[in-house]
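Worksheet for the structure shown next.
Each reported figure results from applying straightforward, stated rules to the coordinates on display, with no laboratory input. Remember, it's a predicted structure, so these values are computed and weren't measured experimentally. Don't worry about glycine lacking a Cβ; one is built from the backbone with ideal geometry, like all the others, and counts go over all protein chains shown.
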């Protein structure tokens, strides 16, 4: 199946000379949840804004379900719903009016049943006649999502959708996202809540300094880049790691009471743990407890971002 979004050699340089995107190549598959992670200023919002037709690219191409996002901009944009970071809505309009207007912008005929369904999904039905200016911040965020879904897009961009919102909205939103994916909607999200990406996404992309550092299936990424650790609490503190163990990936805690062994999760059958325990026994190093742990997506993300060199002036 061809990608629903195809991005090729996409670049963006602002008038100041700042290069926000550097040759981005990315395909998004129909019906997937794709999480784009990166620190502030990495290029996430610029990338989304170009695909959605808000910002002009300096170079490269974007196609949305076969439509060039420049030559056939209207058809491409009609396939996309965007939930931006900013709470930008017409404060004097009612919830119902702003969603109805958003649907009409894309040439969709009136469909009160669809709008009611969306508002009920987002717990906004009781607020349908309220002016947006009278709503709380969390409710305004819900209105942005309702507006994005009003014209029944096949692709939904969520740019930091849960930043600064309550736990209830986050729960409702992810339940809704799962439902949309089941209906065939493609979801692209950026988030600072990496645990959400770990729970929700099918694939992960990490962007840093305008470059895609990695794009991978979540499970494959965790397997390839993840590490496991075995922490051994010692019976008696050690002043230093014994020279006989210097060839092993070991760390000793500052107080000398915990020895941590790191191994690759890909080598399930050759972890080296048995050899480590045997050598500790031969050296007379006894332990009273051991605990294993595995890298989270956040650990992997931090490692990728930390290891990406930054060009001068970037």
Quiz prompt | Angle in degrees between helix 95-105 and the longest Cα principal axis of the chain, rounded to the nearest 10 | solution = 80 degrees
Exercise. With just the Cα atoms of region 110-263, tell me how far they stretch along each of the three principal axes, in Å, largest first.
Key: 76, 30, 29
Practice problem: Let me have the relative contact order for region 227-294, percent, based on Cα pairs under 8 Å that are six or more residues apart. | Solution: 49 percent
Quiz prompt | Alpha-carbon centroid distance for the pair region 10-58 / region 177-221, whole angstrom | solution = 14 Å
Practice problem: With label points built 7 Å along Cα→Cβ from the Cα atoms of residue 123 and residue 279, find their separation and express it in nm. | Solution: 5.5 nm
Quiz item: What share of the DSSP beta bridges in the chain is antiparallel, in percent to the nearest 5?
Solution: 70 percent
Quiz item: Rounded to the nearest 500, what is the chain's calculated 222 nm mean residue ellipticity when only DSSP H runs of at least 4 contribute -39500 (n - 2.57) each, over all residues?
Solution: -9500 deg cm²/dmol
Quiz item: With contacts defined as alpha carbon pairs under 8 Å and 6 or more residues apart, what's the relative contact order of region 163-254 in percent?
Solution: 13 percent
Quiz item: Using Cα atoms only, what is the angle between the long axis of helix 297-307 and the major principal axis of the chain, expressed in degrees (0 to 90) to the nearest 10?
Solution: 80 degrees
Quiz item: Sorted from fewest to most neighbouring beta carbons within 10 Å, what does the list 92, 101, 157 look like?
Solution: 92, 101, 157
Quiz item: To the nearest whole percent, what portion of all C-alpha pairs in region 175-235 is separated by more than 19 angstrom?
Solution: 46 percent
Self-check item: Alpha-carbon gyration tensor eigenvalues x 5, square-rooted, for region 8-139, Å
Solution: 32, 18, 14
Practice problem: Determine, for 22, 12, the number of other Cβ atoms within 10 Å of each Cβ, and report the residues in order from fewest to most. | Solution: 22, 12
Quiz item: Using a Förster distance of 35 Å, how high is the FRET efficiency between residue 262 and residue 108, based on the Cβ-Cβ distance and rounded to 0.05?
Solution: 0.05
Exercise. Provide the packing ranking of 68-80, 201-213, i.e. peptides ordered by the mean count of other C-beta atoms within 10 Å per residue, highest first.
Key: 201-213, 68-80
Quiz item: Hey, what does the equivalent ellipsoid look like for the chain, semi-axes from the Cα gyration tensor as sqrt of 5 times each eigenvalue, largest first, whole Å?
Solution: 47, 23, 17
Exercise. Please list the radius of gyration and Dmax for region 33-107, considering alpha-carbon atoms only, with Å as the unit.
Key: 14.5, 40
Exercise. Could you grab the relative contact order for the chain? Cα pairs under 8 Å, six or more apart, rounded to a whole percent.
Key: 20 percent
